[in-house]
Amino acid sequence: MKRDVVREYYEAVHGHDWAKLESTLSLDVVRMGIRSDFDDDTVRGRDRYVRFVAEVIGTFEDHSMEIVGIFYSPDGRFACAQTVETLRQPGRERVRLHCLKWHELDGDGLIVKIDQYRKGSPEPTPASLTVGAVRSARDA
């Protein structure tokens, strides 16, 4: 039976299982954030990406990831996932982020590209979720 790599990816993020997350990604994965025209919201490489996710989630008092649906192209090389991410930063109200993410998979069935889109909501997307913010906090 073929792996459902994209589902495994979201289960790993929800469970904060970084080894499982790593197993879903190609070595040269590229993650483009919601501000994808900016290099400060793009991560290149599996190790950097896993470290980025772990660092971001590590700043929250609580975090969960709900899979609404995952839809694969007939050839299995592309997937679109709808998710709801719930998080709370220290001292702030809980925020629910409704996302759509486009995944490209390589010939081995691993995720090689993640491109994120977020629905508008009354809660602004926290600036701390960008790659640039995580790098700044790490370097401080």
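The values are calculated or read from the model by the stated rules, or taken from the named source; none is laboratory data. Just so it is clear, the model here is predicted, and its values are computed rather than measured. All Cβ positions, even for glycine, are placed from backbone atoms using ideal geometry, and neighbour counts span all protein chains on display. To get the accessible areas, we keep the full protein, side chains included, count just its heavy atoms, and leave off ligands, DNA and RNA. Shrake-Rupley method; radii C 1.70, N 1.55, O 1.52, S 1.80 Å.
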Seminar exercise, completed: With every protein chain kept in place and a 1.4 Å probe, the residues 18, 102 fall, from largest accessible area down, as 102, 18
Problem set entry | Of the GluC sites (Glu not before Pro) in region 1-98, those whose Cβ has at most 14 other Cβ within 10 Å and which sit in DSSP loop | 61, 93
Problem set entry | Solvent-accessible surface (1.4 angstrom probe) belonging to residue 28, in square angstrom, nearest 10 | 100
For this session: Taking 7 Å along the Cα-to-C-beta vector as the label spot, tell me the residue 59-residue 102 distance in nanometres, rounded to one decimal.
Result: 2.6
Exercise. List the lysines whose alpha-carbon lies under 21 Å from that of residue 20, not counting same-chain residues fewer than 8 positions away?
Worked result: 2, 101, 113
For this session: Evaluate Rg over Rh across region 15-96, taking Cα atoms for both radii and Kirkwood's formula for Rh.
Result: 0.98
Exercise. Label-point separation (nm) for residue 48 and residue 2, each offset 7 Å from Cα along Cα-to-Cβ?
Worked result: 3.0
Seminar exercise, completed: A 1.4 Å probe over the protein heavy atoms gives region 55-105 a carbon and sulfur accessible-area percentage of 52
Exercise. In nanometres, what is the gap between the two model label sites at residue 86 and residue 68, each 7 Å from Cα along Cα-to-Cβ?
Worked result: 1.5
For this session: Provide the solvent-accessible area of residue 51, counting protein heavy atoms only and rolling a 1.4 Å probe, rounded to the nearest 10 Å².
Result: 100
For this session: Using a 1.4 angstrom probe on the protein heavy atoms only, line up 80, 99 by accessible area, largest first.
Result: 80, 99
Seminar exercise, completed: Measure of exposure for residue 72: accessible area at 1.4 Å probe, Å² rounded to 10, is 90
